[in-house]
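Student: Here it is, the structure in full.
The values are calculated or read from the model by the stated rules, or taken from the named source; none is laboratory data. Note that the coordinates shown come from a computational prediction; the quantities given were computed from them, not determined experimentally. Here the Cβ is made from the backbone with ideal geometry for all residues, glycine too, and neighbour counts use every protein chain on show.
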Amino acid sequence: MTNKPTLVLLRGLSRDQRHWGSFKTLLQQTLPHYQVTCLDTLGNGTLREHKSPLKMDEYGQDLLAQLADNDIKQPVLVGLSLGGMVALSALAQQPEQIHHVITLNTSSTLSPWWQRFSLPWALGHLLFAKKMPHCSRLEYGILQFTSSQQNQNIALLQQWSDYRKEANTKLSNSLRQILAASAFTVDEGLKTAGKVSIISAVQDRLVNPECSQKLAQHLDAPLFRIDNAGHDLALDQPNRLIETIIKILDKRETTMQ
């Protein structure tokens, strides 16, 4: 790997690095002094043949192993939803190996279950998803409840549908990931680590923004809110998300000087 500091992007439930779309390239162009890379979590993407664990600690252990295998040292982990849980788990296990963690719309057992995952909202969109030509109805439903700005983007829907045809997460792994996420508890040691920043989308209707607020309060971590964005922050507001990440990185570097 390069000697540049590394930003590692982690997606959420049943998604993989392909779903970052153009965001990875945009982030790399904006931060040329960083190396931006993506890794998959167990059961998704390049690791789809692996069984997804039922405990978040095991996802964190695998992430740490991937970082070591790729010679990635002191990375900044940017995790969306379940990806944020995996990042926090890795940080709790080996805080000396992680420079910083930035979570996007991540929940925990600090919040009640009905705030952590709006099941009726998601199921409603899945059950009544439109049938679009050459597109997956499931992907159409997912796009509706994860995006507030791009939910009518047919080109994106077709791309996601192609991803599903090429390689998708097994249903059994999706269910196991849901169970692991539902039991995710924040490690108490992270309160004093000072290595966590929280970003929340104001219009997230899948995971209530109060979950990020609870997480930030518990960890005494800075909370940044981004308006006009749904659960998939990188899709709805990529430029504002990058601006916020830069603000976090600048503040982190200033604090350490």
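Student: Among the residues of the stretch 77-96, are any within 17 Å of the chain's Cα centre (by Cα) and farther than 21 Å from S212 by Cα?
Tutor: No; the residues of the stretch 77-96 include none that is within 17 Å of the chain's Cα centre (by Cα) and farther than 21 Å from S212 by Cα.
Student: So, in the stretch 72-123, exactly how many residues are touching a Phe, Trp or Tyr at 6+ places or on another chain (Cβ under 8 Å), surrounded by fewer than 16 Cβ atoms within 10 Å (Cβ to Cβ) and either without any contact (Cβ under 8 Å) to a residue 12 or more places away in the chain or more than 16 Å from D187 (Cα to Cα) (or both)?
Tutor: 1
Student: In the stretch 58-103, how many are polar (S, T, N, Q) and part of a strand (DSSP E or B)?
Tutor: The qualifying residues number 1.
Student: Quick check on the stretch 124-145: of everything there that is surrounded by fewer than 20 Cβ atoms within 10 Å (Cβ to Cβ) and not in a helix (DSSP H, G or I), which residue is modelled with the highest pLDDT?
Tutor: Residue satisfying both the conditions and the ranking: H134.
Student: Determine which single condition G12 fails, assuming it passes every other condition in (1) in a strand (DSSP E or B); (2) in contact with a Gly (Cβ under 7 Å, 6 or more places away or on another chain).
Tutor: Here G12 clears every test but (1).
Student: Something else about it: Can you name every residue in the stretch 211-234 that is surrounded by fewer than 19 Cβ atoms within 10 Å (Cβ to Cβ) and of a type in the set (S, T, N, Q)?
Tutor: Scanning the stretch 211-234 gives Q213, Q217, N228.
Student: For the list (1) surrounded by fewer than 19 Cβ atoms within 10 Å (Cβ to Cβ); (2) over 24 Å from G21 (Cβ atoms); (3) under 16 Å from the mean Cα position of the chain (by Cα), I need the number of the one condition that F184 fails.
Tutor: Among (1) surrounded by fewer than 19 Cβ atoms within 10 Å (Cβ to Cβ); (2) over 24 Å from G21 (Cβ atoms); (3) under 16 Å from the mean Cα position of the chain (by Cα), F184 violates only (1).
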